[in-house]
Amino acid sequence: MERMQQVVSSARAAFNSGRCRSLEFRMQQLKALERMVQEKEKEILAAIEADLHKCGHNAYSHEILGVLGELALAMDKLPSWAAPQPVKKNLLTMRDEAYVCPEPLGVVLIIGAWNYPFVLVMQPLIGTIAAGGDPPQPLSFLEERSRRAEQPCCACLAGNAVVVKPSEISENTAQLVADLLPQYLDRELYPVVTGGVPETTALLTQRFDHILYTGNSTVGKIVMAAAAKHLTPVTLELGGKSPCYIDKDCDLAVACRRITWGKYMNCGQTCIAPDYILCDPSIQSQVVENIKATLQEFYGEDVKSSPDYERIINKRHFKRIVGLLEGQKIAHGGQTDEASCFIAPTVLTDVSPESKVMEEEIFGPVLPIVTVKSVDEAIEFISRREKPLALYVFSNNKKLIKRVISETSSGGVTGNDVIMHFFLSTLPFGGVGNSGMGAYHGKHSFETFSHSRACLIKDLKMEVVNKLRYPPGCQKKVDCAKFFLLKRFNKGRVGLAILALLGIVVAVVIKVSFG
Amino acid sequence: NPYAGLVSRLRAAWLSGKTRPVEYRVGQLEALGRFLVEKKQDILEATASDMGKPSFEAEFSEIVLCKNELHETLNNLSQWMKDEHVEKTLATRLDSAFIRKDPYGVVLIIAPWNYPVYLLLGPLIGAIAAGNCVIIKPSEMTKNTERLMAEALPRYLDKDCFAVVTAGVQETTRLLENKFDYIFFTGNPFVGRVVMTAAAKHLTPVTLELGGKNPCYVSDTCDVQNVAQRVAWGRFFNAGQTCIAPDYVLCSVEMREKLLPALRKAITDFYGSNPRESPDFGRIVGDKHFQQLQALLRGGRVVIGGETDEKERYIAPTVLVDVQPSDPIMQEEIFGPLLPIIVVANVDEAIDFINSRERPLAVYAFSSNDKVVNQVLERTSSGGFCGNDTLMHVTLTSLPFGGTGNSGLGKYHGKFTFDTFTHQRGCLHRGMGREVLNALRYPPYNQQKLSVIRAASEVKRKGTCTLL
């Protein structure tokens with residue numbers, strides 16, 4: 001407990017010192033992160049392999065590529081994201097400066113997950129370092145305006161301090177992150193805390209300015225309850241059972257190949273993996289055949305010896321997933337080996353919606369198929385359950401896809417593919433309902449980790465216009481106030497000039513009547 | 001649970017999809033508009049009975065500001081509802097990528113008593129615009145307004161999808177046990193914590209509009225009379241019961257000596273020599289609150305005002321000096337017509353004073369020197385900021401309104417309200433063709449595939465050459 005208090009207070013002191021004020025500092029930290037990923041690529045891949053039996057190529061494209069992309073994007077866009085954004089004004093404020101200024105929140109806590117142990121800690125970290133901004137340097141009203149026009153990046157930047165808590169379950173990656181980050185980043189601003197449940201619980205008693213948690217809904221509730229004590233905003237990236245509806249009218253071979261890829265990558269341990277399939281009974285066996293064929297293409301005859309197939313993270317999850325197979329019709333796979341935590345890519349058919357495998361998120365290489373007679377039934381099935389993190393629908397019929405999207409709710413959607421919406425950083429990535437709250441990736445990370453401060457800078461002169469609002473009150477004043485408040489101006493320079501003139505005329509009239 | 005039935009009824013209405021079409025939402029919003037017009041007199045009377053709210057203040061803050069939000073929303077709703085198409089990468093160039101604006105479902109709005117109409121209808125407008133079903137809980141402290149809402153609103157809005165619940169503390173606790181898809185709460189930080197803790201049980205996202213002690217720094221270089229007017233107006237509007245009212249003033253000894261007579265003049269200009277007789281000065285909402293405020297008068301020295309009348313719940317516009325940071329008046333948000341002035345040597349000391357306390361909902365700085373205003377802005381943190389005036393940033397619906405730290409989380413007003421009650425759903429709609437491109441990502445993995453993926457997905461820094 002004391003250790004946690006110390007870590008957090010030293011991060012807060014470092015944040016308050018304002019030493020990370022300059023754009024240079026922040027860019028430097030992001031560049032250092034980039035160097036770290038490039039220089040230590042081998043070590044990172046080795047740690048991920050040790051944790052998840054994930055081969056280098058796979059680990060590189062899932063974990064490192066995304067991080068490098070996010071870093072490049074952040075460094076490129078940072079000046080424009082952090083610049084104050086002017087807003088539309090009304091007549092009453094037309095002579096004033098009105099803008100939204102992104103500011104850092106303070107000390108952010110990032111709790112990572114074990115399934116993609118590197119990227120799920122790094123991607124939020126990048127956003128947190130990038131976020132925030134000092135308001136512009138003190139300048140006169142007009143000077144400031146022109147300077148801002150020339151230099152959108154004049155907002156010098158104070159990033160957040162970050163306490164990073166990688167998942168202890170992916171212990172090799174956790175240790176690596178704990179070793180590497182202090183070698184490349186400012187140690188006080190970005191400390192890494194390792195440990196399990198007791199350490200995380202102790203950490204959660206401390207006060208943070210934002211917490212981003214990736215994990216399951218049960219712990220999500222605990223994190224939010226702890227955050228509530230300090231009124232700390234949270235982003236919870238949770239999970240759920242992401243449904244995958246396959247319409248009769250679609251290219252089954254293509255659909256099944258894409259689904260097979262998304263389902264069995266990382267041995268099914270992906271928060272946005274297609275959890276179960278919904279399809280018409282008439283195509284069920286075709287679906288199974290196509291998946292079988294694809295599995296052969298991907299992993300060969302003997303999956304266990306394929307270097308491209310991962311393992312279950314630990315014995316506890318292994319046992320949990322094996323338990324889900326009980327009483328089910330195994331159409332393909334089902335082989336397991338406890339010693340190596342191996343579970344073969346498995347497909348179950350004619351699964352009952354009430355069975356255990358349909359209760360919680362599977363998070364393993366088991367794919368149940370539940371038959372439904374129509375898209376209506378599929379929509380109803382999905383809507384009756386908790387809102388999932390992702391929703392997938394395969395069909396040649398665009399209208400059908402649009403309908404499924406419109407009549408359901410989920411964190412995100414990919415139509416005619418799986419997983420891919422995750423990789424487009426212009427799309428916000430997050431859950432809804434039981435699958436989470438808040439979002440990040442790209443600019444959404446920046447917005448998550450900064451406070452949008454509304455700023456209105458008025459003139460101390462032009463007091464005569466203010467007389468409208470001062471007591472003593474009367475109907476004429478109210479009518480005038482309504483005119484000023486309810487009208488917008490955005491009609492270009494000429495309109496601006498006319499309105500300015502109008503404003504002055506009205507002000508004079510008021511002064512005469514009420515002065 | 002006494003409210004379980006109501007919540008499931010609304011949830012059934014929600015699942016029926018009734019609230020989704022834009023025509024429905026516009027219809028309900030227009031009905032709200034009619035409510036504001038037809039019930040204007042009732043609103044003015046109710047707020048006058050509840051807390052002696054002057055009709056000018058009520059019309060401005062409860063009706064005009066609501067209408068502002070309503071018009072802004074009606075003018076832009078179809079635009080806001082549209083799918084927002086986003087920039088794509090090379091790999092997704094031929095796909096459709098957009099953000100879908102999904103309603104959350106059944107949302108709960110808990111309103112406070114200080115602007116019982118505006119702070120209830122403001123969020124409601126956004127919640128309806130976003131396509132949700134809403135349970136509305138007006139404050140039990142303002143009984144007449146609560147009754148008006150409970151009786152009149154259901155006559156304008158669709159009873160299937162919108163319900164008004166009247167509830168005290170106990171009942172609200174029971175209400176919060178139900179699962180909502182969003183909770184919007186305006187009130188104090190203590191209850192804010194209770195609401196968020198209840199929300200955590202169901203993983204319900206929240207917006208908490210709380211409060212704090214909003215500092216008001218007055219520099220030595222300024223037009224003293226203008227400053228005094230603007231500060232007095234902001235402080236004494238609604239008898240000080242405004243979450244963004246300037247809570248206390250920070251200035252030098254010299255400025256204080258100039259400010260006091262200026263404040264005295266402003267108060268007299270506004271309310272006459274006996275504010276108690278002015279129709280333009282409000283009253284305190286309840287006895288308990290009145291007594292709390294009375295107790296605060298004991299610290300420091302009253303130099304202007306200080307008169308109170310328990311029967312009327314009247315407290316005169318009051319200014320105090322010689323207040324210590326440890327005095328009770330400096331411990332919590334005042335929320336009344338008392339303005340303490342604290343002496344600081346310079347702007348740096350003022351900034352340190354502000355930063356040693358919880359982040360407030362607003363920070364105010366007055367100076368003819370823009371550099372000073374910017375310094376305060378730059379070196380402090382708060383929900384919002386207004387330079388050279390008080391309260392006004394709230395009237396601009398293009399500015400987000402919300403707190404940070406202890407003063408709250410989330411934001412609203414204008415489009416931000418619509419966004420608050422909307423789940424931004426990332427959607428990628430691909431085609432079934434071009435499968436050969438996908439082959440790159442499938443096992444068996446090898447170095448060649450990886451190199452192509454790397455080359456195709458790298459986000460190059462601007463200025464570096466790329467062949468693709």
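The values are calculated or read from the model by the stated rules, or taken from the named source; none is laboratory data. Quick caveat: nothing in here was measured; it's all calculated off a predicted structure. Ideal geometry is used to build each Cβ from the backbone, glycine not excepted, and the neighbour counts take in all protein chains shown. The area values use the complete protein model at the heavy-atom level, side chains included, leaving out ligands, DNA and RNA. Shrake-Rupley method; radii C 1.70, N 1.55, O 1.52, S 1.80 Å.
Based on what the data block shows, is A:ASP308 closer than 19 Å to A:LEU52 by Cβ, in the same structural domain as A:ARG385 (by the TED database) and at pLDDT below 95? Working first, answer last.
On the way: closer than 19 Å to A:LEU52 by Cβ: yes; in the same structural domain as A:ARG385 (by the TED database): yes; at pLDDT below 95: yes.
The answer is yes for A:ASP308.
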Check: Scanning for something at the interface with another protein chain (Cβ under 7 Å from one of its Cβ atoms) and either under 27 Å from B:GLY52 (Cβ atoms) or in a loop (DSSP other than H, G, I, E, B) (or both), does segment B:406-419 turn up at least one residue?
Finding: yes
Check: Before we move on, is A:VAL234 outside the structural domain of A:LEU391 (by the TED database) and either open to solvent by less than 40 Å² (accessible area, probe 1.4 Å) or acidic (Asp, Glu) (or both)?
Finding: yes
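Regarding A:GLU447, is this residue among the acidic types (Asp, Glu), at the interface with another protein chain (Cβ under 9 Å from one of its Cβ atoms) and open to solvent by 10 Å² or more (accessible area, probe 1.4 Å)?
Details: among the acidic types (Asp, Glu): yes; at the interface with another protein chain (Cβ under 9 Å from one of its Cβ atoms): no; open to solvent by 10 Å² or more (accessible area, probe 1.4 Å): yes.
So A:GLU447 does not fit the description; no.
Within segment B:7-31, restricting attention to residues that are open to solvent by less than 50 Å² (accessible area, probe 1.4 Å) and more than 27 Å from the chain's Cα centre (by Cα), which residue is nearest to B:PRO154 (Cα to Cα)?
Across segment B:7-31, the extreme among qualifying residues is B:ALA13.
Residues are listed down the side, and each one gets a yes or a no for (1) outside any loop (DSSP other than H, G, I, E, B); (2) more than 30 Å from A:ASP417 (Cα to Cα); (3) not basic (Lys, Arg):
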position: A:ALA174; (1), (2), (3): yes, yes, yes
position: A:VAL177; (1), (2), (3): yes, yes, yes
position: A:ILE211; (1), (2), (3): yes, yes, yes
position: A:LYS221; (1), (2), (3): yes, yes, no
position: A:LYS241; (1), (2), (3): no, no, no
position: A:LYS248; (1), (2), (3): no, no, no
Checklist line | Enumeration of residues in segment A:4-42 that are touching a residue at least 12 places away in the same chain (Cβ under 8 Å), of a type in the set (D, E, K, R) and part of a helix (DSSP H, G or I) | finding: A:ARG12, A:ARG26, A:LYS31, A:GLU34, A:ARG35, A:GLU41
Next item on the list: From (1) open to solvent by 10 Å² or more (accessible area, probe 1.4 Å); (2) at pLDDT below 95, pick out the condition that doesn't hold for B:THR92.
Entry: (1)
Notebook entry, point to check: Which residue out of A:VAL254, A:VAL351 is in contact with a strand residue (DSSP E or B) (Cβ under 6 Å, 6 or more places away or on another chain), modelled with pLDDT of 95 or more, under 26 Å from A:ALA378 (Cα atoms) and surrounded by fewer than 24 Cβ atoms within 10 Å (Cβ to Cβ)?
Noted result: A:VAL351
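Do the conditions hold for A:ARG26, that is, is it of a type in the set (D, E, K, R), more than 22 Å from B:VAL452 (Cα to Cα) and touching a Cys at 6+ places or on another chain (Cβ under 9 Å)?
Judged against the criteria, A:ARG26 is a match.
What residue, among those in segment A:417-462 that are among the polar types (S, T, N, Q) and in contact with a helix residue (DSSP H, G or I) (Cβ under 7 Å, 6 or more places away or on another chain), is nearest to B:LYS201 (Cα to Cα)?
Looking only at segment A:417-462, we keep the residues that are among the polar types (S, T, N, Q), and these are A:425-426, A:434-435, A:445, A:448, A:450, A:452.
After this cut, where a residue has to be in contact with a helix residue (DSSP H, G or I) (Cβ under 7 Å, 6 or more places away or on another chain) as well, the list is A:425-426, A:434, A:445, A:448.
Details: A:SER425: 30, A:THR426: 31, A:ASN434: 11, A:SER445: 25, A:THR448: 22 Å.
Restricting to residues being among the polar types (S, T, N, Q) and in contact with a helix residue (DSSP H, G or I) (Cβ under 7 Å, 6 or more places away or on another chain), the top hit is A:ASN434.
Residue-wise test of (1) farther than 17 Å from B:PHE416 by Cβ; (2) among the aliphatic types (A, V, I, L, M).
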{"residue": "B:ASN355", "(1), (2)": "yes, no"}
{"residue": "B:LEU361", "(1), (2)": "no, yes"}
{"residue": "B:VAL373", "(1), (2)": "yes, yes"}
{"residue": "B:THR380", "(1), (2)": "yes, no"}
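Which helices (runs of 4 or more DSSP H) does segment B:32-82 wholly contain that include 1 or more residues that are surrounded by fewer than 18 Cβ atoms within 10 Å (Cβ to Cβ)? Talk me through it step by step, then tell me what you get.
Values: elements: B:40-51, B:55-58, B:65-81.
By residue number, B:40-51, B:65-81.
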Next item on the list: Select from segment A:47-98 the residues that are more than 11 Å from every other protein chain (Cβ to nearest Cβ) and among the acidic types (Asp, Glu) and write down the one among them that is least open to solvent (accessible area, probe 1.4 Å).
Entry: A:GLU63
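Hey, among A:THR294, A:THR260, which residue is within 14 Å of chain B (Cβ to nearest Cβ), surrounded by 21 or more Cβ atoms within 10 Å (Cβ to Cβ), of a type outside the set (Lys, Arg) and within 27 Å of the chain's Cα centre (by Cα)? Steps first, please.
Numbers: A:THR294 fails: within 27 Å of the chain's Cα centre (by Cα).
Answer to the selection: A:THR260.
Please enumerate the residues belonging to segment A:181-208 that are among the acidic types (Asp, Glu) and touching a helix residue (DSSP H, G or I) at 6+ places or on another chain (Cβ under 7 Å).
Initially, segment A:181-208 is screened for residues among the acidic types (Asp, Glu), giving A:186, A:188, A:199.
A:ASP186, A:GLU188 - these are the residues of segment A:181-208 that are among the acidic types (Asp, Glu) and touching a helix residue (DSSP H, G or I) at 6+ places or on another chain (Cβ under 7 Å).
Looking at segment B:1-31, which of its residues are β-branched (Val, Ile, Thr) and part of a helix (DSSP H, G or I)? Walk me through it before giving the result.
Quick first cut of segment B:1-31, residues β-branched (Val, Ile, Thr) only: B:7, B:19, B:22, B:26.
Correct list: B:VAL7, B:VAL22, B:VAL26.
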Notebook entry, point to check: Given segment A:344-428, what strands (runs of 3 or more DSSP E) lie entirely inside it while holding 1 or more residues that are within 9 Å of another protein chain (Cβ to nearest Cβ)?
Noted result: A:390-394, A:412-415
Check: Residue check: is B:ALA228 open to solvent by less than 30 Å² (accessible area, probe 1.4 Å), more than 8 Å from chain A (Cβ to nearest Cβ) and part of a helix (DSSP H, G or I)?
Finding: yes
Next item on the list: Please report, ordered by residue number, the helices (runs of 4 or more DSSP H) entirely within segment B:272-380 with at least 3 residues that are open to solvent by 60 Å² or more (accessible area, probe 1.4 Å).
Entry: B:287-296, B:347-355
Notebook entry, point to check: Within segment B:441-455, how many residues turn out to be within 9 Å of chain A (Cβ to nearest Cβ) and in a helix (DSSP H, G or I)?
Noted result: 6
Check: Limited to segment A:314-333, what total is found for residues that are open to solvent by less than 20 Å² (accessible area, probe 1.4 Å) and either within 28 Å of A:TYR60 (Cβ to Cβ) or without any contact (Cβ under 8 Å) to a residue 12 or more places away in the chain (or both)?
Finding: 2
Next item on the list: Report those helices (runs of 4 or more DSSP H) wholly inside segment B:119-221 carrying at least 3 residues which are modelled with pLDDT of 95 or more, open to solvent by less than 10 Å² (accessible area, probe 1.4 Å) and outside the structural domain of B:THR380 (by the TED database).
Entry: B:143-156, B:189-200
Next item on the list: Quick one: in segment B:392-405, of everything that is surrounded by fewer than 24 Cβ atoms within 10 Å (Cβ to Cβ) and in contact (Cβ under 8 Å) with a residue 40 or more places away in the chain, which residue is farthest from the other protein chains (Cβ to nearest Cβ)?
Entry: B:VAL394
